[in-house]
Amino acid sequence: VEEHHLGAYGQSHRHAPYDAVMSDSTPAGVPAATFPVTTGLGLPRAVIERDLGLAFGLVVRSMGVAKSFGASFTALRQGEVPQYTRLLEDSRRHAIDRMIENARLVGANAIVAMRFDSSEISQQLTEIVAYGTAVVVRPAG
């Protein structure tokens, strides 16, 4: 399944569902180079053998005074603020990486039902959480 969307800066992106790089020590049934993560409740051509519970990754970020000052001027013009967009995209990726690491620690080889949540802790701090269900899967059939 291929997804198509516009990136933060208007570029067109086409990609397969998120696969994170993983070490060669993956559980059986999943190629060593990938760690499947999906927003769906299952993975195509795979059977969920065990549900290991919640896996999450948390990131709290601050843009910093200098970048925040520049972003404030950009925001006055209305429209997208690329400085914040880049920060949030990087934070989401970092949260996903931490969630995958959390899932690996409990023996998972995939994550299903993945979601994001975010909140503002203060005017300078934003919290991004990636969470999902850590599972052990094997190829169907």
inquiry  = For region 83-98: of the residues being open to solvent by less than 80 Å² (accessible area, probe 1.4 Å) and either hydrophobic (A, V, I, L, M, F, W, C) or free of Cβ contacts under 8 Å to residues at least 24 places away in the same chain (or both), which is farthest from V37 (Cα to Cα)?
reply    = Q83
inquiry  = Restricting to region 75-114, give me the number of residues that are assigned to a strand (DSSP E or B) and β-branched (V, I, T).
reply    = 2
task = Considering only region 89-106, state which residues are within 13 Å of the chain's Cα centre (by Cα) and either at pLDDT below 85 or not hydrophobic (A, V, I, L, M, F, W, C) (or both).
result = E89, D90, S91, R92, R93, H94, D97, R98, E101, N102
query = In region 119-141, what residues are touching a residue at least 12 places away in the same chain (Cβ under 8 Å) and farther than 18 Å from R50 by Cα?
reply = I121, Q124, L125, T126, E127, I128, V129, A130
message = Looking at Q123, Q78, Q83, can you tell me which residue is on the phi > 0 side of the Ramachandran plot and modelled with pLDDT under 95?
response = Q78
ask   = Out of curiosity, is T133 under 18 Å from S62 (Cα atoms) and surrounded by 15 or more Cβ atoms within 10 Å (Cβ to Cβ)?
value = no
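The values are calculated or read from the model by the stated rules, or taken from the named source; none is laboratory data. On a predicted model such as this, the values are computed, not experimentally measured, just so you know. Methodologically, a virtual Cβ is constructed for each residue, glycine included, from the backbone with ideal geometry; neighbour enumeration extends over all protein chains shown. All accessible areas refer to the heavy atoms of the entire protein, side chains included, with ligands and DNA or RNA removed. Shrake-Rupley method; radii C 1.70, N 1.55, O 1.52, S 1.80 Å.
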